[in-house]
Amino acid sequence: MNLLLLLPRFSLWWVSISLLFTVTIAQDSPLITRISFGSCANQSAPQPIWEAINKFDPQLFIWMGDNIYGDIRKPIKVIGKERTFGPWRNSPRFIPSSEEEMKLRYAKAKSNPGYSRLKRNAKVIDEPLDSPRRKQAGVYASYTFGPTNRKVKVIVLDTRYHRDPLRSDGSILGDTQWTWLEEELRGQRSEITIIGSSVQVISNLSATTGPLFYMESWGRFPKERKRLFKLISDTKRNGVIFISGDVHFGEITRYDCAVGYPLYDVTSSGLVQSVEKVFPRPLRFIVRLLFWYTPSTMRVINDNCKFKACTYGQSNFGAISIDWNANPITIRLEIRDVNGFAVLGTNVSLSELQARGSNSPTNPPTKGKSQRYCTLEVELPGTKRYRLAVLIYFTIAVLAMAFVGLIIGVVLMITACVYKNKLD
């Protein structure tokens, strides 16, 4: 899953490029105040959202994955020799494209007028043919921007190359990437550290949507997520914010009981693909209702949400605004819609993102009703955790019984008519 960064056009010189691709911008590099990011951009579909992104005028744009849709989608078949859908599936529905086809799809994505405009106003960090990043196992990398005492470090992780199977609770990053990440977090100080993960770090909706369906996330690898939190705590890295994608809806989540300060995860998905897009417009309220009904212990719920569930299931992009002149320094985290309006948002003081005690994954604060954002989804009581599944199964059972009752009623009516005709 490729992660690409775009920078504004300005003169710079590279201070260092390590074996594992760490880039440090010169100390006189411009101050970063606006960052945008997104994921899930189907190159074959209209992409009007680039206009809104261009209006936001980001100094930095971060791809969070699914920059194109490169797989070939096979038809849904539930019967026959090759079945691509259902519990009896014996063949994958998505198969990889050829290298030539991938090149064509990337070329189509790059030719989009809105995206081309963004590239004209920004410098793309292209990888030269001899880049160390091309030779390493995985596409993880880090970049540091801004002047002294106002630095922003961006770490992009590769959560696919080394990942073990989803149900294994094994590794996501692999040993080499873990070693690199520790070096990055112990390295040069930065006021803000943005960690990009293609899948959600804080939210674990699979714990409350299962057994209906499951989504890929760090929450499905609890040992790895605990290791990640512990690493942030042990390295005493302050100012960490996660950004993520993949799930086809926007969400801002928060976890307070991991590193001694709140960890935020801003999920933007997708630029094109979105969960509401699957439904006809008159039925999209059902998606919002289900989001509201599904328990989530980490979601930031406030008055800045467009919908009551504080999720956004239409096309969106992530926006981070940093006010370095405020006292204390303020960070605005937002999800914006195709028109550029904020549909989710929260303000974070940089002073909040500083460890103030011994809270850590091995020594968390006492949890209680007064402690918000400290209960993991898997810790919810079963009656609450599985209420979505109960609702869906109950609804299906009622509809099935109503359908059977309707059939029985029709059969009895026909039988009565036939009997009456015989009597006549």
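The values are calculated or read from the model by the stated rules, or taken from the named source; none is laboratory data. Because the structure is predicted, anything quoted here is derived from the model rather than measured. As a convention, Cβ positions derive from the backbone with ideal geometry for all residues, glycine included, and neighbour counts pool all protein chains shown. Side chains included, ligands, DNA and RNA excluded: accessible areas come from the protein's heavy atoms. Shrake-Rupley method; radii C 1.70, N 1.55, O 1.52, S 1.80 Å.
Can you compute the helix-only [θ] at 222 nm over the chain? Use -39500 (n - 2.57) per DSSP H run of at least 4 residues, normalise by all residues, nearest 500 deg cm²/dmol.
-8000 deg cm²/dmol, from helical runs alone.
State the answer as a single residue: which of Thr144, Asn304, Gly239 lies farthest towards the positive end of the charge dipole of the chain, with beta carbon charges of +1 for Lys and Arg and -1 for Asp and Glu, about the Cα centre.
Going by the charge dipole, the pick is Asn304.
If Asp164, Asp126, Asp71 are ordered by their accessible area, calculated over protein heavy atoms with a 1.4 Å probe, which sequence runs from highest to lowest? Walk me through the numbers before you get to the answer.
Details: Asp164 60, Asp126 110, Asp71 85 Å².
Descending accessible area places them as Asp126, Asp71, Asp164.
Multiply the residue gap between Trp292 and Ile72 by 0.36 nm, knock off their C-alpha separation, and tell me the result in nm, one decimal place.
Values: separation 220, 0.36 × 220 = 79.20 nm, distance 3.35 nm.
Contour length minus Cα-Cα distance gives 75.8 nm.
Answer rounded, prolate or oblate for the stretch 227-377, using the Cα gyration tensor with square roots of eigenvalues a ≥ b ≥ c: rounded when a/c is under 1.5, else prolate when a/b is larger than b/c, else oblate.
On the way: a/c = 2.23, a/b = 1.58, b/c = 1.41.
Cα axes put the stretch 227-377 in the prolate bin.
Does anyone have the angle between helix 174-186 and the longest principal axis of the chain? Alpha-carbon axes, 0 to 90°, nearest 10?
50
Rounded to the nearest 10 Å², what accessible area does Met401 have for a 1.4 Å probe in the complete protein model?
130
With an 8 Å cut-off on Cα pairs and a minimum separation of 6 or more residues, tell me the relative contact order of the chain in percent.
Values: 856 pairs, mean separation 67.9, N = 424.
Relative contact order for the chain comes out at 16 percent.
Between Gln188, Gln354, Gln273, which gets the highest mean-square fluctuation from a Gaussian network model of the chain, Cα cutoff 10 Å?
The residue that fluctuates most here is Gln188.
Is any residue of the stretch 89-114 close enough, with backbone N under 16 Å, to a label point placed 7 angstrom from the Cα of Phe213 along the Cα-Cβ axis, and if so, which?
Flagged as within label range: 93-94.
Set Lys and Arg Cβ to +1 and Asp and Glu Cβ to -1, take the dipole of the chain about its Cα centre, and tell me which of Asn67, Val378, Leu353 lies farthest positive.
Val378
Provide the FRET efficiency to the nearest 0.05 for the Ser351-Arg93 pair, computing r from the beta carbons and using R0 = 51 Å. The partial results should precede the final answer.
Values: r = 49 Å, r/R0 = 0.95.
Step by step, r from the Cβ atoms, then E = 0.55.
Which ³J(HN,Hα) values in Hz, rounded to whole numbers, follow from the phi angles of the stretch 131-147 under the Karplus curve 6.51 cos²θ - 1.76 cosθ + 1.60, where θ = phi - 60° and Gly and Pro get x?
Once θ is set to phi - 60°, the couplings for the stretch 131-147 become 4, x, 5, 6, 9, 7, 7, x, 9, 5, 6, 9, 9, 10, 10, x, x Hz.
In the structure shown, do any of Lys151/Lys306; Lys55/Lys119; Lys277/Lys308 have a Cα-Cα gap over 21 Å, and if so which? It would help to have the intermediate numbers written out before the result.
On the way: Lys151/Lys306 32 Å; Lys55/Lys119 14 Å; Lys277/Lys308 19 Å.
Beyond 21 Å between Cα atoms: Lys151/Lys306.
Given that just one value was derived from the coordinates, which of (1) 20.0, 61; (2) 24.3, 100; (3) 22.4, 75 is Rg and Dmax of the Cα atoms in Å?
(2)
Going by Cβ distance under 4.7 Å, what cysteines of the chain have no possible disulfide partner?
Isolated Cys, the chain: Cys40, Cys417.
Mean-square fluctuation check for the chain, GNM, Cα pairs under 10 Å: which of Ile53, Ile329, Ile202 is largest?
Result: Ile329 has the largest fluctuation of those listed.
Once Lys and Arg get +1 and Asp and Glu get -1 on their Cβ, which of Ile194, Val156, Leu205 lies farthest toward the positive end of the dipole of the chain?
Toward the positive end, the furthest listed residue is Leu205.
About the Cα centre of the chain, what is the dipole size in debye to 20, counting +1 per Lys and Arg Cβ and -1 per Asp and Glu Cβ, all else neutral?
Dipole magnitude for the chain comes out near 800 debye.
Relative contact order of the stretch 186-236, please, whole-number percent, based on alpha carbon pairs below 8 angstrom and at least 6 residues apart.
Taking the mean separation of contacting Cα pairs over the length of the stretch 186-236, I get 29 percent.
Considering only DSSP states other than H, G, I, E and B, which chymotrypsin sites (Phe, Trp or Tyr not before Pro) in the stretch 51-89 qualify as loop sites with at most 11 other Cβ atoms within 10 Å?
Trp88
Whose amide H sits under 5 Å from the amide H of Ser91, counting only residues 5 or more places off or on another chain, with H placed in the peptide plane?
When sequence neighbours closer than 5 places are left aside, the close amide H contacts are Arg83.
Compute, for the stretch 79-217, the length of the dipole vector about the Cα centre, with Cβ point charges of +1 (Lys, Arg) and -1 (Asp, Glu) only. Units Debye, rounded to 20. Let's see the in-between values first.
Values: 23 positive and 16 negative charges, 137 e Å.
My answer is approximately 660 debye.
Once label points are set 7 Å from the Cα along Cα→Cβ at both Lys55 and Arg34, what is their separation, rounded to one decimal in nm?
1.2
Keeping all protein chains in the complex and leaving out DNA, RNA and ligands, what accessible area do you get for Leu283 with a 1.4 Å probe, in Å² to the nearest 10?
Ignoring ligands and nucleic acids, Leu283 comes out at about 80 Å².
Taking 7 Å along the Cα-to-C-beta vector as the label spot, tell me the Thr179-Ile407 distance in nanometres, rounded to one decimal.
Between Thr179 and Ile407, the simple spin-label model gives 6.2 nm.
How large is the convex hull of the C-alpha atoms of the stretch 198-270 per residue, in Å³?
Details: hull volume 6.0 nm³, N = 73.
Output value, Cα hull per residue: 82 Å³.
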